[in-house]
Amino acid sequence: MLESRAVTICVSLGLVIGLGAAVVAWRETPLPKEPPKPALVTKPTQPAAPAAARLPSAPESTTGPDVPTSLIQPERAKLVSGGRRGTDKLVQDLGKRGSLEYGIVPELQKTALEVLAAGEVPFGAVVAIEPSTGRILAWAQHSEEQPSLRRIPLMANPPAASVYKLVTAAALIEQAGVTPETQVCYHGGHRGLAARNLEDDPRKDKQCETFAQALGNSTNQIFGKLAIANIDQGALEKFSNQFWFNRTIPFDLPAEVSSAQIPELPDLDGTGAEGSAEAANKKKAQNLDGLSRLDRDARLKAVLPFARTAAGFENTHLSPLHGAMIAAAIANEGVMMAPLLVDRHVMPTKEVAYEARPRPLGRVMKVETAQVLADMMLTTTTEGTAGAYFRNRDAVMDGIDISGKTGSLSSPDGNGGRFSVTWWVGFSPRENPEIAVAALVINRDAWKVKATLVAREVMEAHYRSKLAPAKGRGTTPR
């Protein structure tokens, strides 16, 4: 059904998730600026992770520095000059326990902290990773509302939003054979979702995009329809686990578990799953002919929760650390590396008690899948949701291809105010990637900075740290 030829199918998805599971409107565009509301401090909570089968791809523990995790505090590290370009380090003095040397790049860390602080973000975090090794290049956080909060990169209560489309895309490519050129026609706006938008309607389906464009534009209708037509609950659970959802990340600090609770895709025919999952799901999605309007609507509503989840609307939560790992795994041709925060633990005697070693966690997708997905992610920064930001980048990144994915939503905070949650995950350059970045910014109704701008600034700092100074700076989209 879904080959390279044009396919006229439609879907319109509108996500509604809050930090605490509130239901509101999805946004991929800047919110209108309004006077800020009084700050209302909330204490984020971790969602319960579903019971899911663990993959035996790698042990979920790690041998890190032999110090209590409470002592690992990169924000307390001091800059130690190495005497030449690129050799400066951030070192934390532990007194009688020696010192911890971090792999963090000072220039990147400084930029991330500055842009988050300048944006006066209520909650924000940046994690940058070297894809081939897992070395953490930046570990920054800022909170205007809870200045003492020091765990934002590790907190997995923010909704994954459209970042989860990367998992769905991998499943569609690898398991169902959907190609970047697959064309889908649809009707309805990008933000709303009604069950009837999941139904093909040639009279209304006047907008068409390829699968690659749908990823770059975060077109919810297309992702929902492709999902119910080609994959099922088992496929999304499988790829969620391969991408390390519902699993404990082996790390120097205790990280919350990112959760993905996948709804069942019901058997609308009542015949059971006969033949391939793809054939069964096609029958489910298409078996609407000859039914009454009431019955048609009932069938569409039955598959709606699965479609919404596949497009990132609900049931998935993500930490900034995990977001960076996902981007890094795609950049690393499908192999996810264990993240490494502490580079070395050096005793007062100068003896090296611990030195980080790159360690693969396992393959999350085939090499070919990762390559296709990385190419599709280029559309995000050229013509898609992040295009305005990356067309106005620093000249130091001229000619550099950047693969990425955005996510955003607006939701009530449960205390009379609102949150605007924005994500960016991505990497550069497309060939031989050097840096993968995840940025999370949680604003109120009024905002100064979004995650995409934060990530762009960090990437610019990366290239400034290794290349000649830029001739000029770009402007910030408003």
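Overview of values
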item	result
Unique residue being in a strand (DSSP E or B), within 29 Å of residue 432 (Cβ to Cβ) and not aliphatic (A, V, I, L, M) when the list is 174, 107, 101, 114	101
Subset of region 378-432 [touching a helix residue (DSSP H, G or I) at 6+ places or on another chain (Cβ under 9 Å), polar (S, T, N, Q) and outside any loop (DSSP other than H, G, I, E, B)]	379, 380, 381, 382, 403, 406, 408, 422, 428
Scan of region 445-464 for residues that are among the small types (Gly, Ala, Ser) and surrounded by fewer than 23 Cβ atoms within 10 Å (Cβ to Cβ), ordered by number	446
Answer from 143, 132 - the residue that is among the polar types (S, T, N, Q) and either free of Cβ contacts under 8 Å to residues at least 24 places away in the same chain or crowded, with 24+ Cβ neighbours inside 10 Å (or both)	143
Residue list for region 449-478, restricted to those being in a loop (DSSP other than H, G, I, E, B) and either modelled with pLDDT of 90 or more or closer than 24 Å to residue 87 by Cα (or both)	449, 450, 465, 466, 467, 468, 469, 470
Pairs, first more than 13 Å from residue 361 (Cα to Cα) and assigned to a strand (DSSP E or B) in region 331-351, second modelled with pLDDT of 95 or more and among the polar types (S, T, N, Q), C-beta under 6 Å, six or more apart	346/99
Region 132-168, residues that are over 13 Å from residue 327 (Cα atoms), touching a Ser or Thr at 6+ places or on another chain (Cβ under 7 Å) and among the hydroxyl-bearing types (Ser, Thr, Tyr)	162
Residue that is closer than 27 Å to residue 387 by Cβ and modelled with pLDDT under 95, where the choices are 172, 137, 193, 215	193
Region 357-380 residues that are on the phi > 0 side of the Ramachandran plot and in contact (Cβ under 8 Å) with a residue 60 or more places away in the chain, paired with ones that are part of a loop (DSSP other than H, G, I, E, B) and surrounded by 14 or more Cβ atoms within 10 Å (Cβ to Cβ) (beta carbon under 7 Å, 6 or more apart)	362/55; 362/57; 362/58
Hits in region 334-367 (condition: acidic (Asp, Glu) and in contact with a strand residue (DSSP E or B) (Cβ under 9 Å, 6 or more places away or on another chain))	343, 355
Unmet criterion (only one of (1) small (Gly, Ala, Ser); (2) surrounded by 24 or more Cβ atoms within 10 Å (Cβ to Cβ); (3) closer than 29 Å to residue 101 by Cα) for residue 403	(3)
Residue pairs meeting the criteria (Cβ under 6 Å; at least 6 apart or on separate chains; first on the phi > 0 side of the Ramachandran plot, in region 298-320; second assigned to a helix (DSSP H, G or I))	312/161; 312/162; 312/164; 312/165; 315/309
Among residues of region 175-189, those that are modelled with pLDDT under 80 and buried (at least 19 other Cβ atoms within 10 Å of the Cβ), counted	1
Check on residue 87, more than 25 Å from residue 362 (Cα to Cα) and surrounded by 19 or more Cβ atoms within 10 Å (Cβ to Cβ)	no
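Let's see how each residue does on (1) of a type in the set (A, V, I, L, M, F, W, C); (2) more than 27 Å from residue 252 (Cα to Cα); (3) at pLDDT below 95:
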| residue | (1), (2), (3) |
| --- | --- |
| 318 | yes, no, no |
| 322 | no, no, no |
| 356 | yes, no, no |
| 389 | no, yes, yes |
| 395 | yes, yes, yes |
| 403 | no, yes, no |
| 409 | yes, yes, yes |
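The values are calculated or read from the model by the stated rules, or taken from the named source; none is laboratory data. Computed from a prediction, not measured in an experiment: that's the story for all the values here. Heads up, the Cβs are rebuilt from the backbone with ideal geometry, glycines too, and the neighbour counts pull from every protein chain shown.
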